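Step one of this worksheet: look at the structure below.
The values are calculated or read from the model by the stated rules, or taken from the named source; none is laboratory data. The model shown is predicted, which means the values in this text are computed figures rather than measured ones. Here the Cβ positions follow ideal geometry from the backbone for every residue, glycine too, while neighbour counts run over all protein chains shown.
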Amino acid sequence: MGNIAFVASTLPVPLLKAKSGEWDICEIVMTGVSLQQSYEYFVKDKPHIKLSVVPKQHIAGWFFIIRKLLSVKLSNTKVYFFHECCWFNFDVVIDIIRAKGEFYPQVTLNSFRKVEGVPISSIYHRKLVHFLGMSRDFVEYEVPHDNNAGSYYVLSKVSYGNNILHHRIEDSISARRAFSTSLKKSTSNILIILASETVSDEALISTYRSLTDELTLRGFQIFTKNHPREEGKLPLPSHLLFNEIPNHIPIELVDQDFVAVIGCASTALVSFGSKAFSVIKFCGMTEDLVKRRIDHLGHLPGEIQINFPTSLSDLILSIENLRKNAKILLTNKMN
């Protein structure tokens, strides 16, 4: 029997791609069916890895997590997990059962507002952590909704027992960057990473419409990749989708060459280093939210090389310079 990975997003894909063999992963447990297609794509050449989804029903979900972690405990195997918040029953049960595991965080929550005093989230969660003596183990954050739809609150577990080895975020970031540097160079392909953001969908779509108009006029080949989860997708009109990469394919598994990668505040931009560009400063987002979203990316460890142009014209100029440099490099290589 091998080890089990528990995933709540596609962010761990580069790390799993690099380490699933070394970690002897035999099963990946997902928080919901919205991740299933993405991980089916990931394991298509790994038939030994089983996929499981936590039942949506509340009680069934708890029993599923208990059964999985008990099996790990009794078989003396390990769990690998990657979430920073929002998997409450896992975080509670792993402390009680004390199965061995390793935690690889993907991002920090430092740019979000920490809720002080009386928690605002679920009364049920508050009562349970108080009853179990875990109140000090959880911190609550206020997180802005996408599409200017207010805020919501999440619980983050700030500490695990000595049964869990807690790794640095750098270990996950290095895997993403290794993926990026493995790609070939391109002189005309542009990837636009789409997702709903903390600005109205209409404003973001308008920004991308102006952007794609300019790129098309200049002869760039445009590719678009929307968010893998339905609730995270930006409802872009079909005529703006161009060469659409299937949503369920994790961005980290897209084997394509790009001279530049453009998005708003997607964590995936970090993977592309200095050829990543954000439209965040000219998409209509409020100044406060712009600062918070850039802070979120900036709190990731290592050197953040994402470019933040202040206007569409600045963005186009930068991409043209990248294309020019890429052509020079390609010519020199051929000679």
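For ILE306, are the conditions met, namely being modelled with pLDDT of 80 or more and in the same structural domain as TYR208 (by TED's automatic domain parsing)?
Criteria met by ILE306.
Here is a list: SER34, SER71. Which entry is of a type in the set (Gly, Ala, Ser), more than 19 Å from the chain's Cα centre (by Cα) and not in a loop (DSSP other than H, G, I, E, B)?
Just a single option satisfies the conditions, and that option is SER71.
Looking at the stretch 35-50 only, could you name the residues that are more than 28 Å from HIS125 (Cα to Cα) and surrounded by 11 or more Cβ atoms within 10 Å (Cβ to Cβ)?
GLN37, SER38, TYR39, GLU40, TYR41, PHE42, VAL43, LYS46, HIS48, ILE49, LYS50
Could you identify the single residue in VAL279, VAL290, VAL261 that is within 22 Å of PRO14 (Cβ to Cβ), among the β-branched types (Val, Ile, Thr) and outside the structural domain of SER151 (by TED's automatic domain parsing)?
Just a single option satisfies the conditions, and that option is VAL261.
Is at least one residue of the stretch 78-96 over 21 Å from ILE169 (Cα atoms), in the same structural domain as TYR152 (by TED's automatic domain parsing), in a loop (DSSP other than H, G, I, E, B) and in contact (Cβ under 8 Å) with a residue 60 or more places away in the chain?
Checked against the condition, which is being over 21 Å from ILE169 (Cα atoms), in the same structural domain as TYR152 (by TED's automatic domain parsing), in a loop (DSSP other than H, G, I, E, B) and in contact (Cβ under 8 Å) with a residue 60 or more places away in the chain, the stretch 78-96 yields no hits at all.
Can you name the condition, by its number, that ASP45 falls short on among (1) assigned to a loop (DSSP other than H, G, I, E, B); (2) out of contact with any Cys (no Cβ under 8 Å at 6 or more places or on another chain); (3) touching a residue at least 60 places away in the same chain (Cβ under 8 Å)?
For ASP45, the exception is condition (3).
Go through (1) over 26 Å from the mean Cα position of the chain (by Cα); (2) under 27 Å from GLN36 (Cα atoms); (3) not in a loop (DSSP other than H, G, I, E, B) for TYR124 and report which single condition fails.
So the condition that TYR124 fails would be (2).
Could you check, for the stretch 48-57, whether at least one of its residues is in contact (Cβ under 8 Å) with a residue 12 or more places away in the chain, on the phi > 0 side of the Ramachandran plot and either assigned by TED's automatic domain parsing to the domain that holds PRO246 or not in a helix (DSSP H, G or I) (or both)?
no
Taking ASN321 and the conditions (1) at pLDDT 90 or above; (2) surrounded by 14 or more Cβ atoms within 10 Å (Cβ to Cβ); (3) not in a loop (DSSP other than H, G, I, E, B), which numbered condition does it fall short on, given that it satisfies the others?
(2)
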